[in-house]
C-alpha cells in the first residue's frame with residue numbers, strides 16, 4: 001500500500017520540526033507584517049487608543065503580563081507563526097516588535113515584527129487610528145535592512161532576507177473598522193472595495209520582492225461575520241454570524257488566491273503561500289466541541305452582550321476564569337487556545353516555505 005501525498009507531506013514536516021528542536025533554525029529569520037492578529041507590541045510605542053498593554057491582556061502569557069498582544073497569551077505568530085512558530089523554526093525567542101527596546105543588536109538578526117493593530121491594506125485604515133500602515137511598515141523594513149547590513153555586511157544580509165520567512169496578516173480592519181462604518185467608502189460595493197485592497201496587496205508583495213524577500217506567507221480573511229464584535233455591530237440583535245460579511249470575506253479570499261497565483265507566475269523564485277484561516281476558524285465557531293471549546297459566540301473578555309474590544313479591560317464585567325474553553329479572547333481576536341488549534345491546521349499549508 002502506498003503512502004498518500006498528504007501523509008508524506010505531513011511526515012516530512014514532522015521531520016523538519018523535530019530537526020529544528022535539535023539544530024539550528026530552519027530559516028535565518030522570521031519577519032512579520034500586518035495588524036492586531038500579529039502585533040507583538042508596536043502599538044505600545046504609538047500615540048493611539050488601539051493598545052493592549054493593560055490587564056487582562058497577557059494574563060496567560062509566559063510572563064503573565066500584558067505585552068501589547070491582543071490576546072490572553074500567545075499569538076499564532078508566536079507559537080505557530082502561521083504556521084511556523086519561533087519554536088517550530090528552532091528560534092529561542094520571538095521576533096521583537098520593531099518599535100520596542102528589544103529590537104536591537106543581535107536580536108535583529110533572526111527577525112522582527114512590524115505589525116500594528118488597526119492596520120490594513122488601505123493606508124487610510126490605520127490613519128483613522130494613528131497606527132502603522134503597511135507603507136510605514138515597509139519603510140521600517142528598509143531601515144531594518146540597513147541596520148542588518150551595518151552588522152553583517154551586504155552579502156550576509158542578502159542571504160538572511162532571501163531565506164527569511166515573511167508573514168503578512170491584514171484586511172480585517174479594512175472591513176470591520178473602516179469600510180462597514182465609514183460612509184465615505186460606501187460609494188464602493190464590497191466587490192469594488194476588495195479590488196482596491198487587492199491592488200494594495202499586490203503592490204506590497206512586489207515591493208517586498210524588490211527588497212529581496214522570496215518566501216512570503218499571507219493569511220486570508222477570517223469569517224469576519226462571526227467575530228463577536230461584528231455580531232454586536234451588524235447582527236441586528238441576533239447571536240448568529242452575519243452572512244453578508246462572511247460572503248464579503250469569501251469574495252476577497254478568492255481574489256487573494258488568484259492574485260497570489262499571478263504574482264508567483266510573474267516573479268521568478270517567489271514562494272508565496274496563502275494561509276487559509278477562514279475555514280479552520282469557521283469550523284471552530286460552528287462546532288466548538290470538536291476542538292475542546294464550549295463557547296464560540298461570546299468572548300472571554302467582555303460583557304457577553306456587547307462584544308467590542310474596548311470593553312476588554314481591567315474592569316471588564318464577565319471576564320472568564322478559564323480562556324481555554326473560549327474560541328475568542330475579546331470581540332475581535334482568538335484566544336491563545338484557538339490560536340494553537342489554528343496552528344495545527346495551518347502547519348501543512350506552509351510546507352513550501354521551508355522546503
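Every read-out reported here was derived from the displayed coordinates using simple, explicitly stated rules and does not represent laboratory data. Keep in mind it's a predicted model, so treat the numbers as computed, not measured. Cβ atoms come from the backbone with ideal geometry, glycine included; neighbour counts cover every protein chain shown.
Brief remarks follow.
- Footprinting exposure proxy ranking of 175, 234, fewest other C-beta atoms within 10 angstrom first, gives 234, 175.
- The per residue volume of the convex hull around the alpha-carbon atoms of the range 204-347 is 123 Å³.
- Hydrodynamic radius of the range 99-147 per Kirkwood, over alpha carbon pairs, in Å: 11.5 Å
- From the Kirkwood radius over Cα pairs of the range 111-232, Stokes-Einstein at 4 °C and 1.567 mPa s returns a whole-number translational diffusion coefficient of 82 µm²/s.
- By the count of neighbouring beta-carbon atoms within 10 Å, fewest first, 233, 286 end up ordered 286, 233.
- Between the range 56-71 and the range 195-252, the alpha-carbon center distance in angstrom: 25 Å
- Remark: the residue 199-residue 262 segment gains 21.4 nm on full extension, using 0.36 nm per residue and subtracting the alpha carbon distance.
- Extents of the range 5-354, taken as max minus min of Cα coordinates on every principal axis and listed largest first, are 58, 47, 44 Å.
- Cβ-derived FRET efficiency at R0 41 Å, residue 159 paired with residue 287, nearest 0.05: 0.40
- Backbone N atoms of the range 250-285 closer than 11 Å to the 7 Å Cα→Cβ label point of residue 355 are not found in any residue.
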